[in-house]
Amino acid sequence: MRSFILSIIIKNGKILDGTGNPWFQADLLIEGEKITKIGYLERENADQVIDAKRLIVSPGFIDIHSHADATNFLEPKQESSIRQGITTHVAGNCGYSLAPINPEKLDLLKKYLGAIIPSHDSHKFDWTTFGEYLSKIEEIGIASNMKLLVGHGTIRIAVMGFDDRAPTEKELDLMKEYVIEAMNSGAMGISTGLFYPPGWFAKTEEIIELAKIVARYNGYYYSHLRSYAGELRKSVQEAIEIGEKTGVKVQISHASVFGSPYWGRSKTFLRLIKKARDNGIEVGSDMHAYDSVNTDILMLLPPWSYEGGKKKTLECLKHSETRDLIIHQIKNGPEKKEDWPEWVPFDLLGVENILPLGLKSEKYGPFEGKNLSEIAKLQEADPFETLIDLLIEEELDPEVIITHLRGEEDIINFLRSPIIAFETDSAPRASQGITSKNLTHPRTYGTYPKFLGEFVRERKLLSLEEAIRKSTSLPAQLAGILDRGLIRPNFHADIVIFDPASIIDTATYTNPHQYPIGIKHVLVNGTIVLREGERSEHLPGKILRHGK
């Protein structure tokens with residue numbers, strides 16, 4: 001007796017099952033949350049039928065590196081993700097997570113999270129533990145599935161703020177307690193943003209001690225490296241060392257090489273990962289589809305200016321002596337290379353390639369959508385002075401897009417590597433409502449359609465079968481999600497159906513809030529959330545608790 005279970009047949013589609021194998025023609029029967037049959041199902045009856053003639057039927061895309069947790073409470077329908085075929089997010093990346101919270105350090109945490117969360121008073125932060133936070137997400141509901149990491153930066157702030165020092169033994173013990181609570185609550189592991197404060201201040205030994213706990217739970221270590229430029233090799237080796245010494249599974253975020261002086265080092269990056277895997281260390285990586293990055297605008301400043309948090313940084317910018325020193329180092333670099341390994345000369349970055357996002361002040365709000373060069377010219381000011389003034393007026397809140405930071409050769413090398421999965425590195429938004437008020441990176445709306453439309457169909461850099469594998473079963477494997485990412489009987493019915501002849505992204509840097517073309521239907525846990533391009537109100541997503 002199955003009358004109480006909603007059933008759906010997807011018929012006439014070309015199935016790409018996520019393995020990398022060629023497509024085959026078949027129908028799917030979905031009953032409840034799972035796929036139950038695959039084949040020619042003309043005699044089967046179902047409550048609903050989707051005709052996928054001339055369309056590709058694929059597993060839903062698994063975004064292995066997202067910041068979906070940043071907009072859960074603002075955009076639970078996750079429009080920009082669902083409309084590009086994403087059915088599962090791995091979130092809590094780059095050291096940023098919304099829990100745990102030490103109420104005494106909440107103001108510091110809010111400033112820290114401002115790099116990923118659109119400013120809005122809807123964030124009540126009425127939880128303290130990681131477990132309470134997961135329950136809050138389940139309470140409001142979400143459109144796609146989520147598997148969450150606990151952020152090292154968030155933990156460090158809860159214990160020691162933005163201090164540039166090693167933790168005391170007592171502080172390290174408290175950090176470990178936060179990790180244990182998160183893992184017991186269903187976190188999949190810990191993430192670091194060693195490129196950002198306060199992660200920048202942590203030594204390798206500190207991360208190893210926390211990763212040892214994660215390894216006990218068969219968990220994962222996701223790392224935004226310290227450097228993707230001059231210290232790239234050393235940074236990749238650090239992540240591998242953490243895996244080797246603790247047994248934790250390692251995911252290196254954002255396979256990238258930043259800055260034209262360093263382009264071509266993708267081969268070194270990939271060689272190091274292959275060698276580690278040959279030695280039995282489980283290491284993977286991921287990439288998005290653009291030559292630009294979207295990051296905290298503070299990354300344009302020397303790291304010493306971060307110590308003590310954003311309040312202290314503002315004081316540095318306002319004080320004439322430290323302001324002059326910051327501008328000097330932005331222009332000329334630090335005295336010691338190790339003090340700022342990511343420094344790239346501004347004449348190579350190009351002030352015209354720096355696009356501030358989320359400008360709200362009376363002075364700079366009208367310049368939203370213009371690059372730093374344009375803003376400086378309109379202000380009849382030096383671009384470096386303009387950058388500092390903008391940061392002061394905006395109270396350090398803006399993000400920044402830096403275009404043309406990644407080279408074509410490296411992008412293609414990463415694209416073709418069998419171990420590099422696809423990711424958005426973004427938080428879901430919508431073309432209307434609170435999350436559309438400011439600009440965002442176009443990858444928020446267009447990552448997977450760009451891979452499938454531009455890189456596969458137009459440029460023929462990758463086969464469609466391999467692109468689907470890198471969007472589905474590969475990230476599922478790398479994130480330990482072993483009942484999704486393939487079209488198989490008894491797998492969860494997370495499905496995307498798209499037109500391979502028309503799929504493409506439409507989002508741009510100046511007009512990013514545009515949905516892609518070619519995604520026809522999306523199902524999450526057997527529920528249709530997008531049908532013929534029309535969005536339903538359903539929120540069938542689940543928190544995927546690790547080890548539960």
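Hey, if you put +1 on the Cβ of every Lys and Arg and -1 on every Asp and Glu Cβ in the chain, which of L232, P345, T386 ends up farthest toward the positive end of that dipole?
Positive-end residue among those listed: L232.
Multiplying the sequence separation of K275 and I504 by 0.36 nm and subtracting their Cα-Cα distance, what value in nm do you get?
Here the answer is 78.9 nm.
Measure nothing but the geometry: give the 0 to 90° angle between the long axis through the Cα atoms of 130-140 and the longest principal axis through the Cα atoms of the chain, rounded to 10°.
With both axes taken from Cα atoms, the answer is about 50 degrees.
Roughly speaking, what is the stretch gain from K311 to A166, that is 0.36 nm per residue apart minus the C-alpha to C-alpha distance, in nm to one decimal?
Extra length from K311 to A166 when fully extended: 50.1 nm.
Tell me, how many Å apart are the Cα centres for the stretch 83-148 and for the stretch 475-548?
Result: 21 Å between the Cα centres.
Which peptide among 149-155, 59-65 comes first, and what is the full order, when sorted by highest mean count of other Cβ atoms within 10 Å?
Working: 149-155: 28.9, 59-65: 30.4.
Per-residue Cβ counts within 10 Å, averaged per peptide and sorted highest first, yield 59-65, 149-155.
Sorted by average packing, counted as other Cβ atoms within 10 angstrom per residue and highest first, what order do 491-502, 380-391 take? If you can, show how the numbers build up before the last one.
Working: 491-502: 22.4, 380-391: 17.9.
Highest to lowest by the protection proxy: 491-502, 380-391.
Output the relative contact order of the stretch 485-548, whole-number percent, from Cα pairs under 8 angstrom with separation of 6+ residues.
For the stretch 485-548, the relative contact order is 25 percent.
Please go through the residue pairs K37/K274; K124/K370; K212/K470; K318/K363 and name each one whose alpha carbons sit more than 27 Å apart in this structure. Write down the numbers at each step before the final one.
Working: K37/K274 37 Å; K124/K370 32 Å; K212/K470 29 Å; K318/K363 17 Å.
Pairs exceeding the cut-off: K37/K274; K124/K370; K212/K470.
Between T322 and T128, what length in nm is gained on full extension when 0.36 nm per residue of separation is reduced by their alpha carbon distance?
Here the answer is 66.2 nm.
Can you find, among T36, W23, F61, the residue sitting farthest towards the positive end of the charge dipole of the stretch 6-65, where Lys and Arg contribute +1 and Asp and Glu -1 at Cβ?
W23
To the nearest 10 degrees, how steeply does helix 383-393 sit against the main Cα axis of the chain, on a 0 to 90 scale?
Compared with the principal axis, the helix lies near 80 degrees.
Under a crude label model (7 Å from the Cα following the beta-carbon direction), how far is S260 from R535 in nanometres?
Label at S260, label at R535, 4.0 nm between them.
Set the bar at 31 Å for Cα to Cα. Now go through K203/K331; K14/K249; K203/K360 and name every pair that lies beyond it.
Check vs 31 Å cut-off fails for K14/K249; K203/K360.
Of the beta bridges DSSP finds with both residues in the chain, what % are antiparallel, to the nearest 5?
Numbers: 36 of 67 bridges.
Just about 55 percent of them are antiparallel.
For a quick check: with amide H placed at 1.01 Å from N, whose amide H comes under 5 Å from K147's, ignoring anything fewer than 5 positions away on the same chain?
Answer set, sorted by chain and number: H89, V90, A91, L544.
What spacing in nm lies between the two simple spin-label points modelled at Q237 and I517, each 7 Å away from Cα in the Cβ direction?
Calculated label separation equals 4.9 nm.
If we sort 22-28, 405-411, 328-334 on the protection proxy, mean other Cβ atoms within 10 Å, highest first, what's the order?
405-411, 22-28, 328-334
In whole Hz, with x marking every Gly and Pro, tabulate ³J(HN,Hα) for the stretch 433-439 from phi via Karplus 6.51 cos²θ - 1.76 cosθ + 1.60, θ = phi - 60°.
Taking θ as phi minus 60°, the curve returns x, 4, 7, 9, 5, 10, 5 Hz for the stretch 433-439.
Under a crude label model (7 Å from the Cα following the beta-carbon direction), how far is S361 from N45 in nanometres?
Going by the 7 Å Cα→Cβ label model, 6.8 nm.
On a 0 to 90° scale, report how tilted helix 320-332 is relative to the longest principal axis of the chain, with both axes built from alpha carbons and the result rounded to the nearest 10.
60
To two decimal places, what compactness ratio does the stretch 444-548 give when its Cα radius of gyration is scaled by 2.2 N^0.38 Å?
Working: Rg = 14.8 Å, N = 105, 2.2 N^0.38 = 12.9 Å.
Cα-based Rg divided by the globular estimate yields 1.15.
Please report the base-10 log of the normalised intensity I(q)/I(0) for the stretch 297-402, using a Debye sum with one equal scatterer per alpha carbon and no solvent, at each q in 0.11 (1/Å).
-0.31
Given +1 on the Cβ of Lys and Arg, -1 on the Cβ of Asp and Glu, and no further charges, what dipole in debye does the chain carry about its Cα centre, rounded to the nearest 20? Intermediate results must be reported in sequence, preceding the final value.
Details: 65 positive and 76 negative charges, 354 e Å.
Magnitude of the dipole: close to 1700 debye.
Please work out the FRET efficiency for the pair D291 and L106, using the Cβ-Cβ distance as r and a Förster radius of 45 Å; give the result to the nearest 0.05. Walk me through the numbers before you get to the answer.
Values: r = 37 Å, r/R0 = 0.82.
For D291 and L106, the calculated efficiency is 0.75.
Where the centre of each part is set by its Cα atoms, how far does the stretch 256-294 sit from the stretch 319-352, in angstrom?
25
Since every read-out is calculated from the coordinates, none of them should be taken as a lab result. Since we're looking at a predicted model, the values are computed, not measured. Reconstructed Cβ throughout: ideal geometry from the backbone, glycine too, with neighbour counts over all protein chains shown.
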